[in-house]
Every structure is written in C-alpha cells, then in structure tokens.
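Enquirer: Here's a structure for you.
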Amino acid sequence: MMALFLRSILCLLLSARCFGSPFFVPVEDKEALVQETEGESPYGSLWPLPQTVQISTQVLYIPPAQFSIVHGAGSTAGPRCVVLQDAFRRYYEYMFGYSTSPKNDISPSSDRLLQLQVVVTSEDNECSMYPHIRSDESYKLTIDENGAVLQASQVWGALRGLETFSQLVYEDSTGAFLVNFTRIADAPRFAHRGVLLDSSRHYLPLKTILLNLDAMAFNKMNVFHWHIVDDQSFPYQSVLFPELSNKGAYQPFTHVYTPIDVRLVIEYARSRGIRIVPEFDTPGHTTSWGNGQVDLLTPCYQSGKPTGSFGPINPILDTTYSFMQTLFHEISLVFPDQYLHLGGDEVDFSCWRSNPNITKFMAEQGFGTDYRKLESYYIQKLLDIVTKYHKGYVVWQEVFDNHDQVCSAYKNGS
C-alpha cells in the first residue's frame, strides 16, 4: 500500500479534503457506496468522489505478472496513441510497482482479472492534441465477472478512468491484489480545476513542478496555472530576449527554466491531461523585467527629478508595445494552450503620477488625473496584441472591477 500512502500524502498537500471533493458532483445514491468504517477501507480510496458508484463485496484477484492494460476492441485509439501507452505503463507501476510483498503468484486460479480493456469511442479521440477547456473527461468503468472495461469518448476521460481504477485496486494481508465488482459513471463538475504555483518569488526546481503535476493527476485536476515571472525574478528563459532571465533571474544558470525545461513541463502535463496556463503579469509586478530590458519601466520622479527607481511598465512609449508584441508572439508559440494569463492586478500609480512625461500624456489623452484610464489604455493594447496571435486571455478580477473600458471578450476562437 506504499503507493497509495504516498499518493494520499500528495493529495493532502493539494487539498484540505480529498473525499467528497468540490471538483466532482457528489454521488447521488450514497447507499450504493460501501459504508465508511474506521481505519483503512478494504475497497480502496476513491477521490474525488465520482458521480455514480456501485461497489459489490464480490472480488476479483489480479495476478500482476499476468495482468495488462490494453486497447479494447473497437477503440479508436491504439498503440500509436502515445498518451495512453504512457498512461498504461505508468498506472501499472502505480498499482503494482511499489508493493513489498513477494512477487510469487498467491492468488487463486479462479476469479482472476487479467486485463483492463480501455475503449475510446470518439473518432476525434484527441490522442495527438493538447487538453483544452472543452476536453471531454467523462468515462464509464465496469468491473464484473466478464472482466474490466473502461470506456471514454476521448483520451482525457480514459486518463481519469485509469486513475479511478488504480484507486480501486488494493492489497490484502497475504500480498494478493484484489478489486471489487464495480460500476462507475463519472464526469467533472467543473471544466477548470486548477492549481497555481508561483515559481518567481520562490524558485521551484523542475522535479518539484513535475511532482506537483503528478499530484494534480492523482486528484483529477487539469489546469496548472504557472505564475512563472513577477517582481522578484524572471526565470523564464526567452529565446528572443535572453537578458530578461540573464539579469532578472535569481541566478541565470541554476534558477531559470530553459526552453527545454518548459517543453518538458508542457509534455509531462499533456500526458496527464493537464493544461499549462502561464501568467506574465503586467503592467505591475514587473521589477525583474526592467533588469534586462532598457526603458521598459517607468522612471519615478521626486521634486521634478528622477529618483533612480522605477515603477510599472511605461505605457506611453511605442517601444513598450513593440517589445510586448515580440515577446508575446514568442510566448504564444511556446505555450500551446488557448489561453494566456495577463495578470493586471495591484498596479501602484504613484510612480506614474510622479513622472512629468506621463502627466503630459494623460492631459493629451483627456484622462485627467484618473490613472485607471491609463491602465485601461495599456491593458487594451496588450489584449489587442494577444488576440492577434489567436490567443484568449485571462486577467485577475481587479481588472474588471477597476476598468470599465476593458470590454474585449474571446469566444469561439474569434
């Protein structure tokens, strides 16, 4: 049970409660579930709780040496579907690879389960795609005297079903692996179930990020919100603007995410049905950006003279938008998800107020002394840039609360 123990710890790190998670609809027929008892359940540990569950006391024995996860008859996915092939191997290891029991076959010759057949039904199974906001993660799982069949419309539902199946398998006191007769129909309640990690304020090694993605998959979470840069550091290594990380990271050799690192995170997440939504927050939270990009930030003034300190991004220069256009073109090519997070929160206007050039620009634009209008001016230009690259955008609630001029929406790919 070591694998389940380790995965339980990871689950608890992510969520205050793993059972009855708010991410999935609660079971309607709670009488269908085996009643919870003190101590460890002999029927495995299901989390998040699927929509409908029926578990019998009848069991099948699983001999690990003979058991396999295979593509079922009629499945539109096959051995060329790398996402599923990798998942088959991974989940076999989760179920049997951590057992400390002897490897000899101690299960009876009858009532054995030798295969889990995975059947993907849709012609558009998305084996070669990245997960997206409209991915179909529904699945049905049946385990009975006829065997075990996992049915899903797309590969993303198959991944969620494999996670559920792995949670149902348990090891008894003799070291035999068992699974109960089970019927499950499940689908997520929310299309976006995410975890945010801030690797700017506190740099996280690549292996830590990958471990977090594993923990997310155990919890059937599907969006990794990667807060990758901020005031404190700029660890994203840009191909077109290498000085951003050379001068903006905590350490330009050890505390950066190279293009290879970023690609690894994206592909590792894809194989677990997880989207990567990066956050590049502007115009505030950009102190580290200014270290590697000259004239990007606003010079602050006091008594009509520069203080040598800098504030948010300078929204009045054409060079600012030329830079943003080039950088976000690169970002849109690196990150395949439809959406980019653009931040937009906690902008300190004091430096803008102190700068005479910005004061003059405000008067010319008719903004008066309302610096929220200047921020809206910047945000709208940035949204236009991102939209040009066929990306949707996400911003913090503060943008909508403070800026009635920001009215762009991204719907149906338009």
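What follows draws every value from the coordinates through simple rules; no lab data is involved. What you see is a predicted model, and the numbers here were worked out from it, not measured in a lab. Here the Cβ is made from the backbone with ideal geometry for all residues, glycine too, and neighbour counts use every protein chain on show.
Enquirer: In Å and on Cα atoms, what radius of gyration and Dmax does the stretch 162-298 show?
Expert: For the stretch 162-298, the Cα radius of gyration and maximum Cα-Cα distance read 19.7, 69 Å.
Enquirer: So, in nm, how far is label VAL70 from label SER45 when the simple model puts each one 7 Å beyond its Cα toward the Cβ?
Expert: So the two model labels end up 3.2 nm from each other.
Enquirer: Ok, one more. Report the calculated FRET efficiency for LEU114 and ARG80 (r = Cβ-Cβ distance, R0 = 30 Å), to the nearest 0.05. Walk me through the intermediate numbers first.
Expert: Details: r = 24 Å, r/R0 = 0.80.
Efficiency computed from Cβ-Cβ geometry: 0.80.
Enquirer: Determine ³J(HN,Hα), in whole Hz, for all residues of the stretch 212-223 in sequence, where each value follows from phi through the Karplus function 6.51 cos²θ - 1.76 cosθ + 1.60 and θ = phi - 60°; x replaces Gly and Pro.
Expert: So the Karplus estimates, Gly and Pro as x, are 5, 5, 4, 4, 4, 5, 4, 9, 6, 7, 9, 9 Hz.
Enquirer: Starting from the Cα gyration tensor of the stretch 298-412, take the square roots of the eigenvalues, sort them a ≥ b ≥ c, and report rounded, prolate or oblate (rounded when a/c is under 1.5, otherwise prolate if a/b is larger than b/c, else oblate).
Expert: On the way: a/c = 2.27, a/b = 1.72, b/c = 1.32.
Prolate.
Enquirer: Hey, rough spin-label estimate for ILE133 and GLU330, points 7 angstrom out along Cα→Cβ, what's it come to in nanometres?
Expert: 2.7 nm
Enquirer: Could you give the length gained by full extension between THR369 and ASN246, i.e. 0.36 nm per residue of separation minus their alpha carbon distance, to one decimal place? Mind dumping the intermediate values first?
Expert: Numbers: separation 123, 0.36 × 123 = 44.28 nm, distance 3.70 nm.
Length difference between fully extended and current span is 40.6 nm.
Enquirer: Can I ask one more? Determine the gain in length on full extension of the stretch VAL394-SER56; use 0.36 nm per residue of separation and subtract their C-alpha separation, reporting nm with one decimal.
Expert: The VAL394-SER56 span can extend by a further 117.2 nm.
Enquirer: Step through the residues of the stretch 59-75 one at a time and calculate ³J(HN,Hα) from phi using the Karplus curve (6.51 cos²θ - 1.76 cosθ + 1.60, θ = phi - 60°), rounding each to whole Hz and writing x for Gly and Pro.
Expert: 10, 10, 8, 10, x, x, 5, 10, 7, 8, 9, 9, 6, x, 4, x, 6
Enquirer: So what is the diffusion coefficient of the stretch 138-180 in µm² per second by Stokes-Einstein at 25 °C and 0.890 mPa s, using a Kirkwood Rh over Cα pairs?
Expert: Details: Rh = 11.2 Å.
Result for D is 219 µm²/s.
Enquirer: Say each of GLU267 and ALA185 gets a label point 7 Å from the Cα, pointing the same way as Cα to Cβ; how far apart are those two points in nm?
Expert: Each label point lies 7 Å from its Cα, and together they span 3.9 nm.
Enquirer: To the nearest 20 debye, what is the magnitude of the charge dipole of the stretch 284-414 about its Cα centre, counting +1 on the Cβ of each Lys and Arg and -1 on the Cβ of each Asp and Glu?
Expert: 240 debye
Enquirer: Quote to one decimal, in nm, the extra length available between ASP198 and LEU317 on full extension: 0.36 nm per residue of separation minus the C-alpha distance between them.
Expert: Working: separation 119, 0.36 × 119 = 42.84 nm, distance 2.94 nm.
Contour length minus Cα-Cα distance gives 39.9 nm.
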